[in-house]
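Input: a single structure, listed below in structure tokens.
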Ligand SMILES: [Zn+2]
């Protein structure tokens with residue numbers, strides 16, 4: 001058992017003396033005094049198969065910080081930012097001034113008295129009592145499990161075929177986009193009758209394994225080099241009290257059974273299959289594309305991938321929730337690589353068959369093992385640089401050869417540094433996605449970008465022209481830019497970029513098909529609304545009356561005065577990761593200072609406006625009147641979607 005006691009620091013700003021709960025609630029939620037009530041001590045005991053012991057956790061405070069609430073925020077380049085690292089330091093200083101020895105503790109959870117922030121990382125966790133749209137408090141195990149999990153090194157969970165975070169609804173590292181249940185012991189309701197405290201789901205088997213938390217004596221294990229045809233009985237993953245296997249490790253696959261009890265109360269009994277790469281779990285879909293396997297669900301090696309007889313199959317035979325048992329059929333045949341040249345046709349290299357399937361990804365062969373590097377992986381870009389470095393041997397000039405090699409190595413170092421920052425950054429829970437679009441279709445979109453800005457007020461209007469390049473025109477109050485003369489080209493698989501990885505709407509193929517205009521702006525983190533900042537838009541073909549669209553960044557957030565629904569012309573509004581954006585458009589890292597998300601907004605214009613006219617213009621202006629959020633967007637690019645499909 002590993003002792004990881006936490007110091008829970010209850011803190012207030014000096015200009016607000018309120019305390020959202022009595023001290024007892026924090027004791028019950030975090031310390032061994034509340035064990036057995038499904039609190040955080042119980043959670044990490046269960047999720048680590050008993051390897052973690054949080055029983056030494058203590059609650060300190062309330063401490064009054066020598067700061068006002070407003071001191072947590074500052075404005076840089078017109079953007080409101082927060083002092084995350086400093087808040088952790090202020091709280092630690094307050095505890096040290098109270099003679100508490102924090103070195104005895106694994107980490108800290110700072111509980112603020114007023115809505116401030118929620119995040120977790122290697123240096124600690126901050127939470128408050130702010131409520132989600134469903135009424136849930138940040139002080140719920142559903143949220144604390146993820147944020148404290150980050151301090152243990154856990155990453156957000158994903159689904160296979162996507163690099164978006166928060167997509168595994170059966171894993172706590174995807175909350176609040178996950179299956180959460182009302183807490184059975186902390187049962188307060190808000191004014192609307194919604195439960196304030198929620199719990200679950202538990203941690204998936206791949207994430208448990210990644211932390212070394214899985215009890216290997218309770219895991220059925222087989223490598224991909226063995227001939228197997230068997231049926232294995234599984235118990236629910238976190239039920240150490242029941243006899244039998246709790247998980248299966250089968251080649252690269254992790255298999256688990258989950259039922260609707262305890263932390264998983266919101267889950268319909270199901271079998272889940274995961275893979276695990278780069279400290280990230282990926283949920284695998286069954287033969288029907290469903291993520292929650294039911295009886296009859298299977299996955300198997302496709303016929304054209306069964307090279308040299310290699311085969312792997314997983315099938316759910318039975319799920320018996322009454323007996324807390326699932327039966328899984330496993331089949332595996334290792335590949336037999338021929339040691340001699342074939343005498344009969346075809347002489348085709350079987351590796352080519354792989355490339356037919358993998359198409360855009362990179363394949364790296366090291367000592368006979370083939371590694372697949374998806375195009376979406378940041379490592380893909382390093383492979384390109386390695387290729388550049390190796391090919392430089394063909395350059396006759398030594399000086400030029402050195403220059404090429406230095407550039408390749410610098411780029412690799414930059415990519416590595418960027419990935420390190422991503423891994424070390426503070427992270428926070430996702431907004432629950434309202435639409436889960438299919439992003440599997442690969443299609444090309446034709447986007448036309450403006451070449452000229454006939455009218456503007458503000459600095460660098462040319463930065464709003466052309467295709468995305470990371471250079472923005474910052475619109476201050478009363479500033480605007482009008483753009484026209486649209487020209488452009490093909491963009492493949494645009495949907496993969498419009499993925500709401502940083503909040504807002506996932507753009508589906510159906511939504512993209514309706515879109516006439518798309519615009520990108522660079523934003524600080526977190527995006528002020530969930531996407532574009534408040535702005536006025538004027539679309540004109542110089543013949544009909546211009547169409548005016550007022551976009552309020554607070555739309556749908558539920559804050560007082562915010563519109564409930566989008567203007568009719570707005571198809572979607574959301575934010576994607578800045579590094580994905582840079583990679584997609586081939587922009588040199590890094591983007592503009594302070595930008596860590598890129599927001600997109602999509603418009604569907606009525607057919608009364610002729611977007612094909614050479615006189616067609618788009619004008620975007622700041623909407624910074626102090627009543628509609630920030631309202632000072634930084635447009636990088638504004639394009640017309642000529643047509644979709646292909
Ligand atoms: Zn998180």
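Some values worked out for this structure:
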| item | result |
| --- | --- |
| Residue within segment 193-203 that is touching a strand residue (DSSP E or B) at 6+ places or on another chain (Cβ under 9 Å), surrounded by fewer than 20 Cβ atoms within 10 Å (Cβ to Cβ) and closer than 30 Å to residue 507 by Cα present | yes |
| Residue 185 vs. criteria in contact (Cβ under 8 Å) with a residue 24 or more places away in the chain, within 16 Å of the ligand (Cβ to nearest atom), outside any strand (DSSP E or B) and closer than 29 Å to residue 237 by Cβ | no |
| Options 217, 268: the member that is surrounded by fewer than 16 Cβ atoms within 10 Å (Cβ to Cβ), assigned by TED's automatic domain parsing to the domain that holds residue 318 and assigned to a helix (DSSP H, G or I) | 217 |
| Residue within segment 537-558 that is modelled with pLDDT under 90, exposed (fewer than 15 other Cβ atoms within 10 Å of the Cβ) and within 22 Å of residue 510 (Cα to Cα) present | no |
| Candidates 62, 6, filtered to the one that is touching a strand residue (DSSP E or B) at 6+ places or on another chain (Cβ under 7 Å) and buried (at least 20 other Cβ atoms within 10 Å of the Cβ) | 6 |
| 3 or more residues more than 16 Å from the ligand (Cβ to nearest atom): qualifying strands (runs of 3 or more DSSP E) within segment 79-171 | 79-82, 107-112 |
| Any hit, segment 431-446, residues being at pLDDT below 85, more than 16 Å from the ligand (Cβ to nearest atom), outside any loop (DSSP other than H, G, I, E, B) and under 22 Å from the mean Cα position of the chain (by Cα) | no |
| Some residue of segment 121-134 being touching a residue at least 60 places away in the same chain (Cβ under 8 Å) and under 23 Å from residue 206 (Cβ atoms) | yes |
| Condition check for residue 211: surrounded by fewer than 24 Cβ atoms within 10 Å (Cβ to Cβ), under 19 Å from residue 51 (Cα atoms), in contact (Cβ under 8 Å) with a residue 60 or more places away in the chain and away from the ligand (no atom under 16 Å from the Cβ) | no |
| Qualifying residue in segment 497-515 (condition: touching a helix residue (DSSP H, G or I) at 6+ places or on another chain (Cβ under 8 Å), touching a residue at least 24 places away in the same chain (Cβ under 8 Å) and part of a strand (DSSP E or B)) | no |
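The values are calculated or read from the model by the stated rules, or taken from the named source; none is laboratory data. None of the values given here were measured: they were computed from a predicted structure. As a convention, Cβ positions derive from the backbone with ideal geometry for all residues, glycine included, and neighbour counts pool all protein chains shown.
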